[in-house]
1. Whether any residue in region 56-71 is of a type outside the set (Ser, Thr, Tyr), closer than 30 Å to Asn108 by Cβ and under 38 Å from the mean Cα position of the chain (by Cα) is what I want to check.
2. Give me the pairs, please: first residue somewhere in region 35-54 and in the same structural domain as Arg11 (by TED's automatic domain parsing) and in a helix (DSSP H, G or I), second residue anywhere and modelled with pLDDT under 95 and surrounded by fewer than 10 Cβ atoms within 10 Å (Cβ to Cβ), beta-carbon distance under 9 Å, and either six or more positions apart or on two chains.
3. Can you name every residue in region 65-98 that is touching a helix residue (DSSP H, G or I) at 6+ places or on another chain (Cβ under 8 Å) and in a strand (DSSP E or B)?
4. For region 103-116, which residues satisfy the criterion of being loosely packed, with under 13 Cβ neighbours inside 10 Å and in a loop (DSSP other than H, G, I, E, B)?
5. Which residue is farthest from Lys148 (Cα to Cα), if the candidates are limited to region 99-111 and must be touching a helix residue (DSSP H, G or I) at 6+ places or on another chain (Cβ under 6 Å) and at pLDDT 85 or above?
6. Kindly list the number of the only condition in (1) of a type outside the set (A, V, I, L, M); (2) at pLDDT 80 or above; (3) not in a loop (DSSP other than H, G, I, E, B) that fails for Asn129.
Amino acid sequence: MEKQFHRLLKRQLKKHFGDLSTIPAGMDDFLSSVSLAYSEFDLDLKHSEGILEISMRELFIANQELRSRAEESENEAESLRNEIGNIVDNINEVVFKTDLLGNWVYLNSAWKKLTGLNVEQSLGTFSLNLLNSNHANEINSDFTALLKSPNSEYNKIVK
């Protein structure tokens with residue numbers, strides 16, 4: 001008579017004993033407990049897989065929500081950049097930014113009004129080349145000191 005063992009245990013027993021009827025007597029209790037352990041492991045595995053599936057769904061939903069929030073934040077930031085850009089472009093003074101080498105990386109529209117030079121053509125050029133030598137030397141000295149200090153802002157009016 002074939003006993004009701006777990007499928008994996010049956011496969012191992014058939015592999016080693018061939019016919020289940022040739023299993024040595026007295027092993028029934030041991031094999032029953034091994035079969036029970038296999039069954040409990042299957043239940044634990046199914047339970048773990050269920051938890052994993054639920055967690056994956058929750059992570060997917062959270063990821064979608066984060067992507068949505070990130071997109072909203074990007075849209076808000078773009079709107080603020082445009083608004084600030086419009087404000088800065090309507091200021092009558094030149095607002096600029098340079099890289100650490102002193103090349104223009106941003107100039108507002110007042111640049112063209114005050115200098116007559118095209119903003120796009122001026123970007124990437126060395127900033128001090130366009131100032132008279134007295135101002136250029138003074139600003140170069142100020143920038144050198146600024147790079148060595150913890151300050152990150154520099155304001156100067158040049159006429």
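1. Within region 56-71, the subset of a type outside the set (Ser, Thr, Tyr) is 56-67, 69-71.
Subsequent filtering for residues that are closer than 30 Å to Asn108 by Cβ retains 70-71.
Applying the additional criterion that residues be under 38 Å from the mean Cα position of the chain (by Cα) yields 70-71.
Yes, the conditions are met somewhere in region 56-71.
2. Correct list of pairs: Ser35/Gln4.
3. Those that are touching a helix residue (DSSP H, G or I) at 6+ places or on another chain (Cβ under 8 Å) and in a strand (DSSP E or B): Phe96, Thr98.
4. Scanning region 103-116 gives a single hit, Gly116.
5. If we filter region 99-111 for residues that are touching a helix residue (DSSP H, G or I) at 6+ places or on another chain (Cβ under 6 Å), which is where we start, we get 102, 104, 107-109, 111.
Within this subset, residues satisfying the condition of being at pLDDT 85 or above are 104, 107-109, 111.
Values: Trp104: 20, Leu107: 24, Asn108: 27, Ser109: 30, Trp111: 28 Å.
For region 99-111, the residue satisfying everything is Ser109.
6. (2)
The values are calculated or read from the model by the stated rules, or taken from the named source; none is laboratory data. Here the structure is a predicted model, which means the values were calculated and not measured. When we count neighbours, we look across all protein chains shown, and the Cβ atoms used for this are built from the backbone with ideal geometry, even at glycine.
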